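Read-outs: derived from the displayed coordinates by stated rules, not from any lab. Remember, it's a predicted structure, so these values are computed and weren't measured experimentally. For neighbour counting, all protein chains shown are included, and Cβ atoms are generated from backbone atoms with ideal geometry for every residue, glycine included.
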Amino acid sequence: MSVQYYEGIGRRKAATARVRIMAGSGRFIVNEKSAQDYFPRVGDLQNVIAPLHAVGENPNQLDISAVVEGGGVTGQASAVQLGLARALLGMNPDLRTTLRKKGFLTRDPRVKERKKPGLKRARKAPTYTKR
């Protein structure tokens, strides 16, 4: 007997998340920890489950598991959010317009700009001295 699940891949900065959703009792596991323990910062968990609320899904009727690698806390949270939105899309393709309108299906392309030679950081130049 196999369990029916829907999978979505999300990426943000250096973070990659593989999110699976299936019918269940409302468990949300991220890297084998509960989501509340994995995303303790205020607002991170709300951002992660925002696609569920946008489409009117009840989080207590779905089991969600995510495996996240790389990046920091914010990048991982955004990666899980995108993966969850894509998994919901796999579950019900009719949700595309709703998720697209709310911006949950757009991958955020912003990444750290590389350091350039002769500069201190990506754009900060050394202090100019006249003499």
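To the nearest 0.05, how large is the calculated FRET efficiency for VAL67 and TYR128 if R₀ is 35 Å and r is the Cβ-Cβ distance? The partial results should precede the final answer.
On the way: r = 49 Å, r/R0 = 1.39.
Efficiency for this residue pair is about 0.10.
Just for the chain, what percent of DSSP beta bridges are antiparallel, to the closest 5?
On the way: 17 of 20 bridges.
The answer is about 85 percent antiparallel.
The gain in end-to-end length when the GLU32 to ASP94 segment is fully stretched comes to 19.2 nm, 0.36 nm per residue minus the alpha carbon separation. In sequence order, region 115-131 has phi-based couplings of 6, 9, x, x, 10, 7, 10, 4, 10, 6, 8, x, 4, 7, 10, 6, 10 Hz under the Karplus curve 6.51 cos²θ - 1.76 cosθ + 1.60, θ = phi - 60°, and Gly or Pro positions carry x. Here the relative contact order of region 6-102, from alpha carbon pairs under 8 Å that lie six or more residues apart, stands at 45 percent.
Per residue, the chain reaches -8000 deg cm²/dmol at 222 nm when only DSSP H runs of four or more residues are counted, each adding -39500 (n - 2.57). Using the Karplus relation 6.51 cos²θ - 1.76 cosθ + 1.60 with θ = phi - 60°, the per-residue 3J(HN,Hα) values for region 71-80 come to x, x, 4, 5, x, 5, 4, 5, 5, 5 Hz, with x marking Gly and Pro.
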